[in-house]
Amino acid sequence: MIHVLTYAEIEQWVRDGKARAILSRKVDDMMVAVEDDELLGFVLVETDTIREIFVRLENHRQGVGRRLVQAAIDKVRVAGCPVIKVLVKAFNIPSNRLFQSQGFRLASITETAFFSHTLIANCYEKTLA
Ligand SMILES: CC(C)(COP(=O)(O)OP(=O)(O)OC[C@H]1O[C@@H](n2cnc3c(N)ncnc32)[C@H](O)[C@@H]1OP(=O)(O)O)[C@@H](O)C(=O)NCCC(=O)NCCS
């Protein structure tokens with residue numbers, strides 16, 4: 001059953017260490033974009049792969065996604081990985097355009113599970129100098 005947490009519940013969740021357990025299992029790092037203490041978006045990175053990127057709708061097309069991708073690139077480069085990767089569903093035009101605009105090249109096309117559906121996804125890579 002889906003349960004939507006209130007802010008107070010999220011605080012308790014963090015205090016109980018549940019958020020940390022999930023983050024440490026799923027990702028190496030989460031970077032957030034903030035402005036005047038407002039959360040604009042986040043990017044999740046696992047080793048050499050961007051697992052998720054999200055920007056609040058009101059802040060789309062303001063360069064927030066680009067900044068988050070650059071932060072992910074910097075992190076993966078500093079970790080010594082030669083390449084950064086991301087899997088993007090083919091229908092997601094904004095995300096495909098975002099990564100293409102940041103120099104990611106299409107390395108392969110695959111299938112990915114999306115709830116009960118199978119969707120085409122683009123595997124992008126960018127070589128890190
Ligand atoms: C994909 C997403 C992160 C882009 O974030 P954003 O902050 O709007 O992106 P930016 O403003 O940094 O855009 C950078 C470039 O990406 C491309 N781009 C971004 N959104 C686009 C859109 N809707 N249509 C076409 N190109 C787009 C453009 O090239 C843009 O440069 P420009 O504005 O100078 O033309 C955002 O749309 C989002 O959160 N979507 C919902 C979650 C999602 O789909 N995540 C991806 C999972 S893989």
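Nothing in this text is a laboratory measurement; each read-out follows from the coordinates by a stated rule. Only a predicted model underlies this, so the values are computations on that prediction, with no experimental measurement involved. Neighbour counts run over all protein chains shown; Cβ positions are idealised from the backbone, glycine included.
Listing ASP74, ASP29, ASP48, ASP37 from fewest to most neighbouring C-beta atoms within 10 Å gives ASP37, ASP74, ASP29, ASP48. Put simply, the amide H of LEU128, placed in the peptide plane, has neighbours under 5 Å in VAL83, ILE84, leaving out anything fewer than 5 places away on its chain. The translational diffusion coefficient of the chain, from Stokes-Einstein at 10 °C and 1.306 mPa s with a Kirkwood hydrodynamic radius over alpha carbon pairs, comes to 99 µm²/s. Can you tell me the FRET efficiency between VAL83 and GLU9 if r is taken as the Cβ-Cβ distance and R0 is 25 Å, rounded to the nearest 0.05? Calculated transfer efficiency: 0.05. Taking Cα centre as origin and charging only the Cβ of basic (Lys, Arg, +1) and acidic (Asp, Glu, -1) residues, the dipole magnitude of the chain rounds to 480 debye. A straight Cα-to-Cα reach below 13 Å connects LYS89 with the aspartates and glutamates GLU52, GLU111, residues fewer than 8 places away in its own chain not being considered. Rounded to the nearest whole Hz, the Karplus-based 3J(HN,Hα) values (6.51 cos²θ - 1.76 cosθ + 1.60, θ = phi - 60°) of the stretch 78-83 follow the sequence 4, 6, x, 7, x, 9, with x at glycine and proline.
Of the chymotrypsin sites (Phe, Trp or Tyr not before Pro) found in the stretch 36-120, those that fall in a DSSP loop while having at most 13 other beta-carbon atoms within 10 Å are PHE91, PHE115.
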